[in-house]
Amino acid sequence: MGTVVIVLCVIAIVIVGILVVAAAQPGTFSVQRSASIHAPAERIFPWINDLRAHESWSPFDKPDPKTRKIHSGAPHGQGAVYAWDGKGQAGSGWITITQSQAHSRIEMQLDMLKPMKGRSTVVFTLEAQGETTLVTWAMHGAVPFLVKILHVFVNMDGMIGRDFKKGLIALKAIVERRAGR
């Protein structure tokens, strides 16, 4: 009986410790990655401003080929909506372009339903730098307490940042290949 009590006390201490560490986590998150693409913003912008075009470069569209996808609203730009419902890693949710400033900035609202509910803001900026354009993919949002517990074990910046980097590399390859670079 004494061993069981000790084991239960250790488990309780570990759980309380995790909850304390989680409570100390920030209430918001921010992830950002950038890539320099050898093309003018005018050639890059349509690949981001059209949610259908994301299927050719976004790593978030790749996990489950059986994911059900629905495009609605505007064909591109402000008001375009892309919803998906998939199993496992793909989850389900929708993304809406809320602002679109030609060749410079696109802001989106991401609403996730599965695997975990959440709302985030996604922003793409395009900044001319001579013969190249610096494309920045950023996302920020609130972190509810349950997600804070997850953050104790998973590095959000590393996890999402890795996918942002993959997506920017794929976008760069498509745009530069089409530009003959």
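Of all the numbered requirements in (1) under 21 Å from GLY161 (Cβ atoms); (2) crowded, with 18+ Cβ neighbours inside 10 Å, ALA80 misses one, and that requirement is (1). Within the stretch 21-52, being without any contact (Cβ under 8 Å) to a residue 60 or more places away in the chain and surrounded by 10 or more Cβ atoms within 10 Å (Cβ to Cβ) holds for PRO46, ASN49, ASP50, LEU51, ARG52. Any residue at all in the stretch 63-86 that is touching a helix residue (DSSP H, G or I) at 6+ places or on another chain (Cβ under 8 Å), touching a residue at least 12 places away in the same chain (Cβ under 8 Å) and acidic (Asp, Glu)? Looking for residues that are touching a helix residue (DSSP H, G or I) at 6+ places or on another chain (Cβ under 8 Å), touching a residue at least 12 places away in the same chain (Cβ under 8 Å) and acidic (Asp, Glu), one finds at least one in the stretch 63-86, hence yes.
Values quoted throughout were computed directly from the atomic coordinates according to the rules given, and no laboratory measurement underlies them. Only a predicted model underlies this, so the values are computations on that prediction, with no experimental measurement involved. Cβ: placed from backbone, ideal geometry, glycine included. Neighbour counts: every protein chain shown.
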